[in-house]
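A.B. asks: Below you will find the structure I want to go over with you.
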Amino acid sequence: WMGHVRMMGAVQPFLSGAISKTVNLPEDASADDIMQAYVEGWKLGLKSLALYREFGDRRGEALALSSLGVLALDQGHNDTARDCYEQALAIHREMGDRRLEGSLLAHLARREVLLEHFDNARGHYETALAIHRQLGSRRDEGFILSNLSLLFALEGRREEAASTVEAALAIHREV
């Protein structure tokens, strides 16, 4: 980001007015970093300097939305739960947080099970399972398999339910 300040300083002598450009600072930028940017801008002769730093906590926002989804689902507000889960899922995808993306998909699947939308639930569970396997997250894989086995049982697929719960149990004994 300091390179942006220096680039503006290199161009400023050739312009009569101020440069309209915002320098985006990383979320972890300190007050000293901000002061350093302004001092450097002053030394370089900038006529103005706009700094922006994100103060929000996107991960915290996603976790809060997920919690709201759990509460909404518990109170029978299925559409609200879906909306909260989908917003949280979008944030986790935006952040590239695959593990929490998988967990959110499992929440969405539970909602679909309660509504007896078994095909949708299975799709969410299978995607979550693929994510956790890709990440090597055996514990999460075991939880997803446990949930998937319950779905198979609800669908009357007893043999698949039994083999899936056995796989889940083996993972939980392993980790």
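The values are calculated or read from the model by the stated rules, or taken from the named source; none is laboratory data. This one's a predicted model, so the numbers in the text were calculated from it and none came from an experiment. A quick note on method: Cβ atoms are made from the backbone with ideal geometry, for glycine too, and the neighbour counts reach across all protein chains shown. With ligands, DNA and RNA removed, areas are computed over all heavy atoms of the protein, side chains included. Shrake-Rupley method; radii C 1.70, N 1.55, O 1.52, S 1.80 Å.
A.B. asks: Residue-wise, which Karplus ³J(HN,Hα) couplings in Hz belong to region 8-22, taking 6.51 cos²θ - 1.76 cosθ + 1.60, θ = phi - 60°, and x for glycine or proline?
C.D. replies: Karplus-based 3J(HN,Hα) across region 8-22 equals 5, x, 6, 8, 3, x, 8, 10, 7, x, 6, 8, 9, 8, 9 Hz.
A.B. asks: Inverting the mean 1/r over all pairs of different Cα atoms, compute the Kirkwood radius of region 1-104 and quote it in Å. Could you put the intermediate results ahead of the total?
C.D. replies: Working: mean 1/r = 0.0604 Å⁻¹.
One over the average 1/r among Cα pairs gives 16.5 Å for region 1-104.
A.B. asks: Which of the chymotrypsin sites (Phe, Trp or Tyr not before Pro) found in region 1-70 are in a DSSP loop and have at most 16 neighbouring Cβ atoms, other than their own, within 10 Å? Kindly include the intermediate steps, with their values, before the conclusion.
C.D. replies: Working: sites: 1, 14, 38, 42, 52, 55; in loops: 1, 55.
For chymotrypsin sites (Phe, Trp or Tyr not before Pro) across region 1-70 that sit outside H, G, I, E and B with at most 16 neighbouring Cβ atoms in 10 Å, the list reads 1, 55.
A.B. asks: May I ask for the angle, rounded to the nearest 10°, between helix 78-95 and the longest principal axis of the chain, with both axes built from Cα atoms and the value confined to 0 to 90°?
C.D. replies: Approximately 50 degrees, to the nearest 10.
A.B. asks: Are there GluC sites (Glu not before Pro) in region 82-133 that DSSP marks as loop and that have at most 16 other Cβ atoms within 10 Å, and which are they? Provide the component values of the computation, followed by the final result.
C.D. replies: Numbers: sites: 86, 94, 101, 112, 116, 126; in loops: 116.
Here the GluC sites (Glu not before Pro) that fit, given the DSSP loop and packing criteria, are 116.
A.B. asks: Given the Cα-Cα distance of residue 134 and residue 99 and 0.36 nm per residue of separation, how much length would full extension add, in nm?
C.D. replies: On the way: separation 35, 0.36 × 35 = 12.60 nm, distance 0.97 nm.
Additional length available on full extension: 11.6 nm.
A.B. asks: Which of the GluC sites (Glu not before Pro) found in region 1-55 are loop residues per DSSP with 13 or fewer other Cβ atoms within 10 Å of their Cβ?
C.D. replies: Taking region 1-55 and a limit of 13 other Cβ atoms within 10 Å, the loop GluC sites (Glu not before Pro) found are 27, 54.
A.B. asks: Given the Cα atoms of region 45-101, and with Rh set as the inverse mean 1/r over their pairs in the Kirkwood sense, what is Rg to Rh to two decimals? Mind dumping the intermediate values first?
C.D. replies: Numbers: Rg = 16.5 Å, Rh = 12.8 Å.
Rg/Rh: 1.28.
A.B. asks: Right, something else. Can you compute the helix-only [θ] at 222 nm over the chain? Use -39500 (n - 2.57) per DSSP H run of at least 4 residues, normalise by all residues, nearest 500 deg cm²/dmol. Show your work: numbers first, answer last.
C.D. replies: Details: 8 runs with 127 residues, N = 175.
The per-residue figure over the chain is -24000 deg cm²/dmol.
A.B. asks: Kindly express, to the nearest 10 degrees and within the range 0 to 90, the angle between helix 138-154's C-alpha long axis and the longest C-alpha principal axis of the chain.
C.D. replies: That works out to roughly 50 degrees.
A.B. asks: Collect residues whose amide H, placed 1.01 Å from N in the peptide plane, falls under 5 Å from the amide H of residue 23; neighbours closer than 5 in sequence don't count.
C.D. replies: 50, 51, 52
A.B. asks: Among 118, 165, 107, which residue has its Cα furthest toward the positive end of the charge dipole of region 98-175, with +1 on Lys/Arg Cβ and -1 on Asp/Glu Cβ?
C.D. replies: Result: 107, furthest along the dipole toward the positive end.
A.B. asks: Over region 34-175, what lengths in whole Å, largest first, do the semi-axes of the equivalent ellipsoid take, defined as the square roots of 5 times the eigenvalues of the alpha-carbon gyration tensor? Spell out each step's value before the answer.
C.D. replies: Numbers: eigenvalues 362, 69, 20 Å².
Each semi-axis is √(5λ); the values are 43, 19, 10 Å.
A.B. asks: When all protein chains stay in place, what accessible area (Å², nearest 10, 1.4 Å probe) is found for residue 28?
C.D. replies: The accessible area of residue 28 comes to roughly 130 Å².
A.B. asks: While we're looking at this one, here's another question. Given a Förster distance of 22 Å, report the FRET efficiency between residue 114 and residue 160 from their Cβ-Cβ distance, rounded to the nearest 0.05.
C.D. replies: Working: r = 20 Å, r/R0 = 0.93.
In this case the efficiency is close to 0.60.
A.B. asks: Helix 58-74 versus the longest principal axis of the chain: what angle, 0 to 90°, nearest 10, using Cα atoms?
C.D. replies: For 58-74 against the chain, the angle is about 30 degrees.
A.B. asks: For residue 2 and residue 34, compute 0.36 nm times the residue count separating them, minus their Cα-Cα distance, and round to one decimal in nm.
C.D. replies: On the way: separation 32, 0.36 × 32 = 11.52 nm, distance 1.01 nm.
My answer for the length gained is 10.5 nm.
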